[in-house]
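Heads up, the thing below is written out as structure tokens.
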Amino acid sequence: MKDRLVDQAKKLASSGPFVRLVSNDRVMKLATGLMDARGRLQAAGVRASEALDILWNGYELPTIDPALDDSMPVHDAGAPRERPQRPAGGSAGTNGAHAAHAGGEGSTSGAHGRAAGATNGAAHGSTNSAAKQSVEGDEAESAGGDGRAATSGYKPDAGSAEAKLATQMASRTSLSRLGGRDVFEKCFKFMTADNARAMGVYPFFRPLDFNQGPEAQLEGRRVTMFGSNNYLGLTTHPKVREAARQAIDKYGTSMTGSRLVNGSMRLHNELEEKLAAYHGKEAGLVFTTGYQVNIATISALLSNKRCVAVIDKDDHASIYDGVRLSLATGARMVRYKHNDPASLDAALSELPETEGALVITDGVFSAQGEIANLPGIVEVVKKHKARILVDDAHALGVIGPGGRGTAAHFGISDQVDLMGGTFSKSLASIGGWLVGERKVLDYIQHFASSFLFAASAAPPCVAAAMAALEVMQEEPWRQEKLRENFTYMRNELRRLGFELGKTETAVIPIYIRDDLKTVMMWKSLLDEHSIYVNPFITPGVPPKQQVLRTSYMATHERHHLDQALSAFEKVGKKFGVI
């Protein structure tokens, strides 16, 4: 009887009418609805509550571009304020949770980072657009606390081309606000770059003929490179090059698809396992770019109106852009003072109990070279039962035992929920990485649109990054030599009288505090001394925070460093900076 019943059931299940019934869209939707009835009822309750709030309180539209919002607040550690009630809609513009746009990669992040157009495309740098704020307080902070302003020894003659360029540079940020019938209008009115090119002082998007580490060739002439994030000098390492070549021979140049479908291969999984083991975490996830790591992770985790991004004011551009995607789904943003656990504590204290917070910080701030006060930040995060994501783009290979980054530097890797970064610096490739709990990463890879629908990292890029990770561990002298180099340069530049802020790593900013002077010093260093550095000017950095950003490699020899010091001294005196 049992066999006959099973046989009849199989026949029924394979019959045409039954197949048509169960595959009918309406039936499937009904079944899905019944299975998810509890979740749908909860969502309906939330929507009903929000609708009542809108009827009672009205609805505030979100800020479309947080970078242009002049009312962006930053929490301080003053007297605690009353915990706010969540307004209807949870828009970014409510409760002072307006967003700011920081440049930086990726974070710069000179890239990392972290307004990329003003940072020579090196966007991971922490060049933030808190440019609308008064800089009286922040100026002294960025200067390392001494409040010292650079002397003004260079003034262009009135009516000169330099003076005209200075005026255009000062007014160019207003172009983005132009509106009208033709969305191209602001493009045709943007003349600063054309004029700077005509004058030979345009510092961005300059194509290198080749870059071999400490030295490069730019437009046919040899230059000494102090503008690269190739911290360990691995882009030309024989093992890294060979790994990329072999990957092309075996896998080809691209997977031509996303990780979701045909773009995953054993090579991706192997690197993910090695990254997780290297950081002492349960799982790893490989992305196509470092910028994508923050875009995908933040937007996936902060996906509704009960989520809050709590970020350092100077976080990288990719972090701000990831938060901006979350704002579209109702999440909101709160900023705390740069590297200030007390300010973070005040910000988290004001969050309603119904909201969950993800605290996000750079491990090493890519424009300042400053290490995050991670022990203090983590202590506050744990106190408020929040979660934390650390962007270690400029920390991997630079600080921490074995180059493991910021959390390892302080011995608190087990207390940091998520750590991510890029291949494009110490790992000598293109791509990104994230490590943490397996379930969290599994959720991200299934819910982050910018991961699901992006082509996967190319085989040679993945293979090169994996080889670089191995070399980092096999050749610890590289991290030691890097530390020796940037410590020597930091001490010598300060001895010459330059203002360097709070740098502690391979990124050393030289504060100039003037757009035109920064660009002219960059040109003088390049044209007269063949020294390549990166000029950061507004709106990529706030007013009075303009710098010549320098970065150092393990493969720099002492003669490279001394050549740079001689050039910096001459140009600094020429323009009245020292």
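A single entry from ALA357, ALA331 fulfils the requirement of being open to solvent by 10 Å² or more (accessible area, probe 1.4 Å), in contact with a strand residue (DSSP E or B) (Cβ under 6 Å, 6 or more places away or on another chain) and of a type in the set (Gly, Ala, Ser): ALA357. Inspect the range 373-384 for any residue being in a loop (DSSP other than H, G, I, E, B), open to solvent by 10 Å² or more (accessible area, probe 1.4 Å) and either closer than 28 Å to SER303 by Cβ or touching a helix residue (DSSP H, G or I) at 6+ places or on another chain (Cβ under 7 Å) (or both) and give the result as yes or no. Within the range 373-384, one or more residues are in a loop (DSSP other than H, G, I, E, B), open to solvent by 10 Å² or more (accessible area, probe 1.4 Å) and either closer than 28 Å to SER303 by Cβ or touching a helix residue (DSSP H, G or I) at 6+ places or on another chain (Cβ under 7 Å) (or both). The single condition from (1) farther than 26 Å from PRO509 by Cα; (2) in contact with an Asp or Glu (Cβ under 9 Å, 6 or more places away or on another chain) that THR288 fails is (2).
Within the range 385-417, being in a strand (DSSP E or B) and open to solvent by less than 10 Å² (accessible area, probe 1.4 Å) holds for ILE388, LEU389, VAL390, ASP391. Taking the range 175-282 and the helices (runs of 4 or more DSSP H) fully enclosed by it, the elements with 1 or more residues that are more than 28 Å from the chain's Cα centre (by Cα) and under 30 Å from ASN485 (Cβ atoms) are at 238-251.
Sub-6 Å Cβ pairs linking a first residue in the range 261-281 that is under 23 Å from ALA395 (Cβ atoms) to a second residue that is open to solvent by less than 10 Å² (accessible area, probe 1.4 Å) and modelled with pLDDT under 95, at least 6 apart or interchain, number zero. Look at PHE451 and say whether it is in a loop (DSSP other than H, G, I, E, B) and either surrounded by 15 or more Cβ atoms within 10 Å (Cβ to Cβ) or hydroxyl-bearing (Ser, Thr, Tyr) (or both). No. Give the residue, chosen from VAL240, VAL261, that is hydrophobic (A, V, I, L, M, F, W, C) and within 30 Å of ALA554 (Cβ to Cβ). That would be VAL240, the only listed residue that is hydrophobic (A, V, I, L, M, F, W, C) and within 30 Å of ALA554 (Cβ to Cβ). Residues that are outside any helix (DSSP H, G or I) and either under 15 Å from THR235 (Cα atoms) or not hydroxyl-bearing (Ser, Thr, Tyr) (or both) within the range 460-504 comprise GLU475, PRO476, GLY497, PHE498, GLU499, LEU500, GLY501, LYS502, GLU504, listed in sequence order. The set of residues in the range 502-520 that are among the hydrophobic types (A, V, I, L, M, F, W, C) and at pLDDT below 95 comprises LEU516, VAL519, MET520.
For the range 429-439, which residues satisfy the criterion of being of a type outside the set (Gly, Ala, Ser) and crowded, with 19+ Cβ neighbours inside 10 Å? Result: TRP433, LEU434, VAL435.
For the range 328-363, the set of residues classified as under 16 Å from PRO375 (Cα atoms) and assigned to a helix (DSSP H, G or I) consists of PRO341, ALA342, SER343, LEU344, ASP345, listed by residue number. Residues in the range 309-327: is at least one assigned to a loop (DSSP other than H, G, I, E, B) and open to solvent by 20 Å² or more (accessible area, probe 1.4 Å)? Within the range 309-327, not a single residue is assigned to a loop (DSSP other than H, G, I, E, B) and open to solvent by 20 Å² or more (accessible area, probe 1.4 Å).
The values are calculated or read from the model by the stated rules, or taken from the named source; none is laboratory data. Just so we're clear, the structure is a prediction, and the values are computed from it rather than from any experiment. Counting neighbours? That spans all protein chains shown, and the Cβs are built from the backbone with ideal geometry, glycine included. Just the protein is used for accessible areas: all its heavy atoms, side chains included, with ligands, DNA and RNA removed. Shrake-Rupley method; radii C 1.70, N 1.55, O 1.52, S 1.80 Å.
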